[in-house]
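Worksheet for the structure shown next.
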Amino acid sequence: MLAADKERPKKQRYTSKRIFERLRDEHGFTGKITIVKDYVAGWRQRGQEMFVPLTHPPGHAQADFGEALGVIGGVERKIHYLAMDLPHSDAIFVVAYPAETTETRGTPRGLFGKSGAMIFHSASVSS
């Protein structure tokens, strides 16, 4: 009954009271309306979309390594890069390396200032 009701226009759907009356009259249901109301409310809620808000605490970073084609000295070559951002402030940092080796995976020069704090530059990307 509820599944078929979902296809109907919103104003023509059964109310919990009407479902209770039909269950009682047509099927001999002896329970109380509260049980039917609770069940219908739960069933309808499960069918709705739910959104979980994303939160990004200050100081949390997201980082990834990748590769792209780039032109260096007129020659197209594969470039390896580290991309990092702080989602709380939308600050980004990208540094490219000539090769994907252990030595280049260390802390990029300039990422940490003399104070030990990370240096980021804000930027916006448009498509």
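List of remarks:
- Selection within the range 1-60 - among the aliphatic types (A, V, I, L, M) and more than 30 Å from residue 88 (Cβ to Cβ): 1, 2, 3, 4, 19, 23, 33, 35, 36, 40, 41
- Evaluation of residue 65 against (1) loosely packed, with under 10 Cβ neighbours inside 10 Å; (2) in contact with a His (Cβ under 9 Å, 6 or more places away or on another chain) (one fails), failing number: (1)
- Scope the range 23-42; condition surrounded by 14 or more Cβ atoms within 10 Å (Cβ to Cβ) and either outside any loop (DSSP other than H, G, I, E, B) or among the β-branched types (Val, Ile, Thr) (or both); matching residues: 23, 24, 33, 36, 37, 39, 40
- Just one of the listed residues (56, 80) is in a loop (DSSP other than H, G, I, E, B) and either at pLDDT 80 or above or within 29 Å of the chain's Cα centre (by Cα) (or both), and it is 56.
- Within the range 37-54, at least one residue is farther than 30 Å from residue 16 by Cα, outside the structural domain of residue 8 (by TED's automatic domain parsing) and not hydroxyl-bearing (Ser, Thr, Tyr).
- Index of the failed condition, residue 86 passing every other in (1) surrounded by 14 or more Cβ atoms within 10 Å (Cβ to Cβ); (2) touching a residue at least 24 places away in the same chain (Cβ under 8 Å); (3) touching a Lys or Arg at 6+ places or on another chain (Cβ under 7 Å): (3)
The values are calculated or read from the model by the stated rules, or taken from the named source; none is laboratory data. Please read all numbers here as calculations on a predicted model, not as lab measurements. Neighbour counts are summed over all protein chains in view; Cβ atoms, including those assigned to glycine, are modelled from backbone coordinates with ideal geometry.
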